[in-house]
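S.K.: Can you read through this structure? Questions will come right after.
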Amino acid sequence: MQKNTTHIILITILLLLCFNNDVLHAQVIPKQQDGTISAKPPQPGQRSNAEKMALAAEYYRNRDFEKAAKLFKELFDSRRSSHYYNYYVQSLIYLGEHKEALKFVKDQLKIEPGNNRYKIDLGYVNASSGKSRKATKTYMEVIDEMPADRNIIIATANHFRMRMLNDYVIKTYEKGQELLGSNTMFGLNLANIYEIDGNFQKATETYLDLLEHDPSMMASVQNRLQRALEKDEDNEKHTELRGQLIRKAQKFPGNTVFPEMIIWLSIQEKDFDLALTHAQVLDRRYQEDGQRMFEISGLAASNEDYETALKALNAIIKKGKDGSMYSYARIRQLVVRYMMYAHSPANSTEKREKLAAEFEDVLSEFGLHQGTADLAISYARLKAYDMNQADEAIELLTTGIGLRNISQPKIADLKVELADIYLYTGQPWEATLLYSQVEKNFKNDLRGHNAKFKNAQLSFYIGEFGWAKTQVDVLKAATSKLIANDAMELALLISDNPDPDSSQYGLQLFAEASLMAYRKHFSEALIKLDSIGLLGMSHPLDDDVLLKKAEIRKIQGDLMATDSLLNKLYEFYPDGILADNALIKLAELYDYESGNPEKAMLYYKKLITDYPGSVFTERARNRFRFLRQSEQATEQIQ
């Protein structure tokens with residue numbers, strides 16, 4: 001009984017959706033196919049169809065089905081609308097008038113004997129009155145008598161779907177494939193129904209069977225699976241899909257679609273090492289040029305998995321200098337090595353000098369041009385921030401900007417990097433000029449948004465708070481979530497942190513400390529941050545001060561102090577806008593720096609659970625899933 005009630009409620013929801021659409025067109029006088037008007041205009045004192053519809057819907061919502069049925073019957077008699085039909089039948093069912101409902105449906109079937117809608121509804125009315133065997137017989141007759149007509153098969157499945165009879169939707173499509181001699185024609189439809197029913201295993205089997213016969217459907221299947229995998233907190237769907245893909249790849253070793261799907265899934269899970277393993281297999285099997293591995297190296301590097309990125313690039317380089325991807329891999333290899341160096345808390349002078357020598361060798365080998373612009377940027381960073389050679393870094397970037405045959409986007413990248421170094425060396429006006437050029441040339445582009453934010457940040461550093469806030473207010477609607485989030489944080493930092501006496505002295509101190517930290521004057525920055533605490537027992541900037549101190553301590557390699565400051569930030573300000581920042585930084589501190597995946601998972605989980613709307617949630621979820629899979633794999637080995 002409870003199941004039937006739920007069933008009827010779902011039907012009602014579908015009918016209400018249909019009704020809302022009909023209301024939108026209620027003022028249009030309906031016409032027949034020959035163009036003649038099917039209903040006379042209302043006479044004085046009579047209700048129009050739109051008025052009747054609105055009143056009938058009101059009765060229906062108030063469960064006054066007797067009055068609703070009367071009006072919907074009148075509306076149906078004036079125009080054979082499927083909406084009026086559905087509401088009338090449903091009203092009769094709610095009233096218990098099953099005989100009248102059956103008679104009405106049979107009358108429609110006489111008018112349209114080939115319309116399976118009415119045949120299905122005969123079963124539906126019988127099922128509503130408790131005659132389930134009779135209903136089942138009717139449903140199966142509909143399916144068994146279907147012609148080998150694709151349109152009729154789809155229409156029949158849709159009628160079953162309308163009545164929430166998903167088992168019969170599946171039977172319809174399966175019969176349709178049999179009639180049309182195709183095992184995959186309705187594969188996407190079937191998989192969708194299995195998903196709706198919560199049967200992800202069967203949905204996955206159907207998707208992969210479809211790919212087995214038609215690899216061109218891979219993009220469509222990936223899009224559908226990606227949506228299904230987005231809500232998989234327990235990792236069950238990922239595990240199921242991975243298992244089926246591995247079995248398919250083993251069963252059909254000559255079919256590349258399944259290894260490609262494994263690579264795709266591994267990338268979704270941020271398991272770049274596994275993605276690389278399968279990419280290498282395909283590369284060797286089909287004597288490829290390393291393009292797959294190169295793409296994975298870029299994704300791995302952007303997600304700070306530098307070891308996998310280097311592993312991929314080394315595999316390409318080992319193919320030899322004659323390989324088409326050799327020069328690209330050689331250049332990116334050094335860029336990634338610098339990224340790894342820059343993220344390391346402790347680097348020796350020997351390591352720095354060796355890296356600088358390699359930059360010189362590669363630039364000498366390939367020259368400075370469009371393809372080595374990113375290499376030049378990395379080398380300039382090493383010179384400016386680590387070797388105290390800012391003048392040489394500026395010269396290198398300036399040379400790159402002046403090259404012929406270099407694209408405007410690359411020039412923009414070089415200019416932003418040059419501006420960063422100017423700011424680092426205490427030349428803010430040179431920096432703002434370059435940021436402004438890039439912002440102007442790439443107004444509606446990510447590069448332009450990034451330059452605009454950096455310009456606003458510069459204004460903040462030098463105490464121009466009003467101008468800075470004006471700029472970041474515009475960026476809060478940026479397409480990049482990270483830029484929009486950074487803009488939001490800077491806007492709130494400026495607007496929500498006045499001193500108790502309504503001055504901006506504390507904010508001025510914080511801005512100066514932030515610039516000092518950017519310029520690596522860490523001791524002075526910490527002293528300046530401590531001075532904010534002397535302004536009173538409690539200051540609105542206290543949470544921002546804790547975060548900035550934690551960032552400085554992490555750069556200095558003091559992980560214990562970093563942990564203490566971030567925990568204090570989260571414990572003291574769990575409802576503040578920086579709480580999620582504290583959690584993601586704590587998680588990554590234990591994940592990447594301390595090598596404690598168990599503790600990292602605790603913080604990732606807390607972020608996912610307590611701050612689902614955070615810009616860091618997706619990052620946390622992907623990493624949590626990866627760490628848990630690694631943990632499960634280790635347990636299985638043991």
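S.K.: Calculate the dipole size of the stretch 292-414 relative to its Cα centre from +1 charges on Lys and Arg beta carbons and -1 charges on Asp and Glu beta carbons; express the result in debye to the nearest 20.
M.R.: Details: 15 positive and 17 negative charges, 87 e Å.
Charge dipole, the stretch 292-414, about its Cα centre: 420 debye, nearest 20.
S.K.: Now for a different question. So how far, in whole Å, is the C-alpha centre of the stretch 567-638 from the one of the stretch 159-230?
M.R.: 36 Å
S.K.: Please list Trp264, Trp429 from largest to smallest accessible area, probe radius 1.4 Å, with all protein chains kept in place. Present the calculation step by step, with values, prior to reporting the outcome.
M.R.: Numbers: Trp264 30, Trp429 165 Å².
Largest accessible area first, the residues go Trp429, Trp264.
S.K.: Can you give the Kirkwood hydrodynamic radius of the chain from its Cα pairs, in Å with one decimal?
M.R.: The Cα-based Kirkwood calculation yields 30.3 Å.
S.K.: Can you tell me the accessible area per residue over the chain, all protein chains present, probe 1.4 angstrom, in square angstrom?
M.R.: Details: 32770 Å² over 638 residues.
Per-residue accessible area for the chain comes out at 51 Å².
S.K.: Can I ask one more? Considering the alpha-carbon set of the stretch 318-360 alone, what are its Rg and its Dmax in angstrom?
M.R.: In Å, with Rg to one decimal and Dmax whole: 12.4, 37.
S.K.: Rounded to the nearest percent, how much of the accessible area of the chain (1.4 Å probe, protein heavy atoms only) is carbon and sulfur?
M.R.: That fraction is 50 percent.
S.K.: Which listed residue (Phe453, Gln471, Phe272) has the Cα farthest towards the positive end of the charge dipole for the chain, taking +1 on Lys and Arg C-beta and -1 on Asp and Glu C-beta about the Cα centre?
M.R.: So the residue furthest toward the plus end is Phe272.
S.K.: What is the sum of charges, Lys and Arg at +1 and Asp and Glu at -1, for the other residues whose Cβ falls under 12 Å from the Cβ of Gln280?
M.R.: After counting each charged neighbour, the total is +3.
S.K.: Could you work out the local net charge near Ala384, counting Lys and Arg as +1, Asp and Glu as -1, over the other residues with Cβ closer than 10 Å to its Cβ?
M.R.: Charge balance in the 10 Å sphere: -3.
S.K.: Same structure, new question: When Lys and Arg each count +1 and Asp and Glu each count -1, what net charge do the other residues less than 9 Å away from Lys554, Cβ to Cβ, add up to?
M.R.: Once all neighbours under 9 Å are counted, the net charge is -1.
S.K.: Quick one: grab the alpha carbon gyration tensor of the stretch 92-139, order the square roots of its eigenvalues as a ≥ b ≥ c, and give me rounded if a/c is under 1.5, else prolate or oblate depending on whether a/b is larger than b/c. Mind showing how you got there, number by number?
M.R.: On the way: a/c = 2.71, a/b = 1.25, b/c = 2.17.
Oblate.
S.K.: Rounded to two decimals, what ratio of Rg to Rh does the stretch 175-224 give with C-alpha atoms and a Kirkwood Rh?
M.R.: The Rg/Rh ratio comes out at 0.96.
S.K.: Using only the Cα atoms of the stretch 358-440, what semi-axes does the equivalent ellipsoid have when each is the square root of 5 times a gyration tensor eigenvalue? Give whole Å, largest first. Kindly include the intermediate steps, with their values, before the conclusion.
M.R.: Values: eigenvalues 80, 57, 12 Å².
After diagonalising the Cα gyration tensor, the semi-axes are 20, 17, 8 Å.
S.K.: On the full set of protein chains, 1.4 Å probe, figure out the accessible area of Val335 and give it in Å² to the nearest 10.
M.R.: That residue has around 20 Å² of solvent-accessible surface.
S.K.: On a 20 Å Cα-Cα criterion, which of the cross-link pairs Lys351/Lys549; Lys99/Lys134; Lys99/Lys119 come out too long? Write down the numbers at each step before the final one.
M.R.: On the way: Lys351/Lys549 27 Å; Lys99/Lys134 14 Å; Lys99/Lys119 15 Å.
Going by Cα-Cα distance, Lys351/Lys549 fall outside the 20 Å limit.
S.K.: At 37 °C and 0.692 mPa s, what whole-number value in µm²/s does Stokes-Einstein give for the translational diffusion of the stretch 323-468, with Rh from the Kirkwood sum over Cα pairs?
M.R.: For these conditions, the coefficient is 204 µm²/s.
S.K.: Here's a follow-up. Would you list Lys202, Lys67, Lys119, Lys137 from the most to the least accessible area, probe 1.4 Å?
M.R.: Largest accessible area first, the residues go Lys137, Lys67, Lys202, Lys119.
S.K.: Tell me which aspartates and glutamates have Cα within less than 14 Å of Lys319's Cα, excluding those fewer than 8 residues away on the same chain?
M.R.: Asp283, Glu288, Asp289
S.K.: Which lysines, if any, have their Cα less than 22 Å from the Cα of Lys415, not counting same-chain residues under 8 positions apart?
M.R.: Those lysines meeting the cut-off are Lys383, Lys440, Lys443, Lys452, Lys454, Lys520.
S.K.: Then there is this: Under a point-charge model restricted to the Cβ atoms of Lys and Arg (+1) and Asp and Glu (-1), what is the dipole moment magnitude of the stretch 117-259 relative to its Cα centre, in debye to the nearest 20?
M.R.: 380 debye
S.K.: Below 8 Å between Cα atoms, with a sequence gap of 6+, how large is the relative contact order for the chain in percent?
M.R.: Dividing the mean separation by the residue count of the chain yields 5 percent.
S.K.: Working with all protein chains in place, sort Tyr379, Tyr328 by solvent-accessible area computed with a 1.4 Å probe, largest first.
M.R.: These residues rank, largest area first, as Tyr328, Tyr379.
S.K.: I'd like the Karplus ³J(HN,Hα) series for the stretch 70-85: coefficients 6.51, -1.76, 1.60, θ = phi - 60°, whole numbers in Hz, and an x wherever there's a Gly or Pro.
M.R.: 4, 5, 5, 5, 4, 5, 5, 5, 7, 7, 6, 8, 5, 5, 4, 4
S.K.: Let me ask something else about it. Give me the dipole magnitude in Debye, nearest 20, for the chain about the Cα centre, with unit charges on the beta carbon: positive for Lys and Arg, negative for Asp and Glu.
M.R.: The dipole magnitude comes to about 2700 debye.
The values are calculated or read from the model by the stated rules, or taken from the named source; none is laboratory data. None of these values were measured; they are calculated from a predicted model. We place every Cβ from the backbone using ideal geometry, glycine too, and count neighbours over all the protein chains shown. With ligands, DNA and RNA removed, areas are computed over all heavy atoms of the protein, side chains included. Shrake-Rupley method; radii C 1.70, N 1.55, O 1.52, S 1.80 Å.
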